[in-house]
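Single-structure report; data block below.
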Amino acid sequence: MSTVPSTEPTDAVLLRQVADGDRRALEQLYARHAGWLLVRLGRRCADPGLVDEVVQDTFVAVWRSARRYTGRGEVAAWIWGIGVRRLVDGLRRTPRAAVVAEPQLASVEMSAEERVLLGVQYGDLAGALDRLSPELRAVVQSTVLDGLTTAEAGRLLGIPQGTVKSRMKRAREVLREELA
C-alpha cells in the first residue's frame, strides 16, 4: 500500500470526490494504486494481458461504485477486493485451452493460485466455505483469497488483528473437519 504525503488528499477523500464525478481524483487513485495492484495480481496470474485488463476493469468499477464505499477499512483494501474478484471473473471466462492456444502464451502454465481461485467456486471447498459463518468466511476471503495480511484484513473488516487470527484458526479447524 502506498503512503500519502500529508499535503495530498487521503484515499478516502479522493474516493468521495470520485463518487461526485471527479475524474482527476480517479486519476490520482489510479496513480497511487495501479502499480502495486499490477504486481500483486501478477503474482496470482501468469497472463500479463489478463492482469492489465483486470487492473483497468478494477478502476472502471471504482469509478462506477465509489458511492458504495462505506468508509470502513482502507480504500486500498477495498480496491484490492474489487481487483481480486475481477481476476477470478477473468480467469473463469478465459478457457484454459484458449490461453494455451495463443502462441505468445504457449509456455504459460496456470499457477497454483490460479487453480485454487478457479476451484474455490466449485467442489467440496466451495461448499465448505459456504457453510462457514459469515464472520469466518470474511476472514478466509480477505486473508487467503484476497491475499491481505492479518493487519490489512483487520482494517478492512473493522476488527482487531488478534480477532482475525483467532477467526482464521477457527475457520481452519472447521474446514479441516468439513473436508476430512
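Of everything in the range 167-180, what is surrounded by 13 or more Cβ atoms within 10 Å (Cβ to Cβ) and closer than 13 Å to Thr143 by Cα? Give them in sequence order.
Arg167, Met168, Ala171, Arg172
Return yes when Gln17 is part of a helix (DSSP H, G or I) and without any contact (Cβ under 8 Å) to a residue 12 or more places away in the chain and no when it is not.
yes
Collect the residues in the range 22-58 that are farther than 17 Å from Val88 by Cβ and not in a helix (DSSP H, G or I), keeping them in residue-number order.
Of everything in the range 22-58, just one residue is farther than 17 Å from Val88 by Cβ and not in a helix (DSSP H, G or I), namely Asp22.
Looking for something closer than 15 Å to Ala77 by Cα, in contact (Cβ under 8 Å) with a residue 40 or more places away in the chain and of a type outside the set (A, V, I, L, M) - is there at least one such residue anywhere in the range 159-179?
Checked the range 159-179: no residue is closer than 15 Å to Ala77 by Cα, in contact (Cβ under 8 Å) with a residue 40 or more places away in the chain and of a type outside the set (A, V, I, L, M).
For every residue, the table says whether it meets (1) modelled with pLDDT of 95 or more; (2) buried (at least 19 other Cβ atoms within 10 Å of the Cβ); (3) touching a Cys at 6+ places or on another chain (Cβ under 7 Å).
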residue	(1), (2), (3)
Val39	no, no, no
Cys45	no, yes, no
Thr58	yes, yes, no
Trp63	yes, no, no
Gly71	no, no, no
Ile79	no, yes, no
Gly83	no, yes, no
Arg92	no, no, no
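Out of the residues in the range 127-180 that are in a loop (DSSP other than H, G, I, E, B), closer than 24 Å to Leu91 by Cβ and of a type in the set (A, V, I, L, M), which is nearest to the chain's Cα centre (by Cα)?
Going through the qualifying residues, I end up with Leu148.
Report, by residue number, each residue of the range 55-94 that is over 16 Å from Gly35 (Cα atoms), acidic (Asp, Glu) and either without any contact (Cβ under 8 Å) to a residue 60 or more places away in the chain or in contact with a Phe, Trp or Tyr (Cβ under 7 Å, 6 or more places away or on another chain) (or both).
Hit for the range 55-94 is Asp89, nothing else.
The values are calculated or read from the model by the stated rules, or taken from the named source; none is laboratory data. None of these values were measured; they are calculated from a predicted model. Glycine also receives a Cβ, built like all others from the backbone with ideal geometry; neighbour counts cover every protein chain displayed.
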